[in-house]
Amino acid sequence: MTNSAVLVLRLAGPLQSWGAISRYNRRDTHSQPTKSGILGLLAAACGRSRGDSLTDLLNLRLGIRVDQPGSQLRDYHTVSDHRGLPLPASKVDAKGIQKRTSPAKHVHVTLRYYLQDAVFIAALRGPASLLERLDHSVKHPHYPLSLGRRSCPPTGPVSLGLRPDAELDVILSTVPWQASPHYRRRTHDAHIALEATVEDAAGEDLVADVPDTYDLHNGTAFSHRPLRRLWVTVSTGHEPQTTDAPSLSTNPGYPGHDPFALLGW
């Protein structure tokens, strides 16, 4: 790609929630940020309204690296009418007006899922001029930024700046590991393998997370994008460990573990 660049974002916060097609009483989260959620963050940073065009953003290619997977949290969430009125039912009358629940129901329980204590790297590849504007907007956002939902603000700077144009998997393998200090203490190895996905026409998976609009009145339809899954190895910042016995760990993403050593063998 000519006159292109890559914008690198750090997505970290106490809570994140990256839903795509979940609706109504159960709002799930993906295990990684979605393109819909990240484009929404960029649109908010630029000050775009929900009805504004997303055409210039849709062609940005996205790569995600999982620096700290976090864990899933289920929120006990209730819905009620602040006026004390019965909640609306799913049915409508002959005039198309939504009925009230009968017998009256004043509280409804819904399920909200979040990722807690997760850290991701997002790399967006596209025209350099567009990414320069987006980088400035993320650093000086018009609207507050959020990690999938408005109740999930990020911690620390979101933008890690622009990188010269390169393939997404190359960028994801060169950005320093962004995990939190307590998570870094889980390994003493000099390198760690991190799960990643990149938008690739030859990818083996299809993910439906490309929005056509954020307009609440018309509703959002999602199209598919091809995805390739891979592992990238980055430095942990630790000094290489020396040992007389080889580690039995075959995945550098986890600390070396020798169960026989625990038995004195």
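Give me the percent of the accessible area of region 1-97 that comes from carbon and sulfur atoms, probe 1.4 Å, all protein chains in place.
Ligands and nucleic acids excluded, carbon and sulfur give 51 percent.
For region 165-224, state which trypsin sites (Lys or Arg not before Pro) are in a DSSP loop and have at most 16 other beta carbons lying within 10 Å of their beta carbon.
On the way: sites: R184, R185, R186; in loops: R185, R186.
Answer by residue number: R185, R186.
Using alpha carbons only, how many degrees (0 to 90, rounded to 10) separate the axis of helix 35-46 from the longest principal axis of the chain?
Long axis of 35-46 versus the principal axis of the chain: about 80 degrees.
Taking a ≥ b ≥ c as the square roots of the eigenvalues of the Cα gyration tensor of the chain, is the shape rounded (a/c under 1.5), prolate (a/b larger than b/c) or oblate? Before the final figure, lay out each step's value.
Values: a/c = 2.43, a/b = 1.48, b/c = 1.64.
Because a/c hits 1.5 or more and a/b fails to exceed b/c, the chain counts as oblate.
Please compute the per residue accessible area over the chain with all protein chains in place, 1.4 Å probe, rounded to a whole number of Å².
Working: 15090 Å² over 265 residues.
Per residue, the chain has an accessible area of 57 Å².
If you put +1 on each Lys and Arg Cβ and -1 on each Asp and Glu Cβ, how big is the dipole of the chain around its Cα centre, in Debye rounded to 20? Don't skip to the end; give the middle numbers.
Numbers: 29 positive and 25 negative charges, 304 e Å.
Result for the chain is approximately 1460 debye, rounded to the nearest 20.
Which net charge results when you count Lys and Arg as +1 and Asp and Glu as -1 among the other residues whose beta-carbon is under 15 Å from that of K105?
Details: positive: R83, K91, K99, R100; negative: D81.
Taking every Cβ under 15 Å from that of K105, the sum is +3.
Quick one: net charge around S4, please, counting Lys, Arg +1 and Asp, Glu -1 for every other residue with C-beta under 9 Å from its C-beta. Could the numbers behind the result be given before it?
On the way: positive: R125; negative: D165.
So the environment of S4 carries a net charge of 0.
Under the Karplus relation 6.51 cos²θ - 1.76 cosθ + 1.60, θ = phi - 60°, what is the ordered set of whole-Hz ³J(HN,Hα) values for region 54-66, x standing for Gly and Pro?
10, 3, 5, 8, 5, 7, 5, 8, 10, x, 10, 10, 8
Placing +1 on the Cβ of each Lys and Arg and -1 on the Cβ of each Asp and Glu in region 53-131, which of L111, V66, L87 has its Cα farthest towards the positive end of the resulting dipole?
L87
Compare V109, V207, V234 in a GNM of the chain, Cα atoms joined below 10 Å, and give the one with the largest fluctuation.
V109
Using only Cα atoms, find the angle between the long axis of helix 128-139 and the longest principal axis of the chain, and express it within 0 to 90 degrees, rounded to the nearest 10.
The two axes meet at around 80 degrees.
The values are calculated or read from the model by the stated rules, or taken from the named source; none is laboratory data. Bear in mind that the values here come from a model prediction, so they are computed numbers and not experimental data. Methodologically, a virtual Cβ is constructed for each residue, glycine included, from the backbone with ideal geometry; neighbour enumeration extends over all protein chains shown. Heads up: the accessible areas ignore ligands, DNA and RNA and are worked out on the full protein's heavy atoms, side chains in. Shrake-Rupley method; radii C 1.70, N 1.55, O 1.52, S 1.80 Å.
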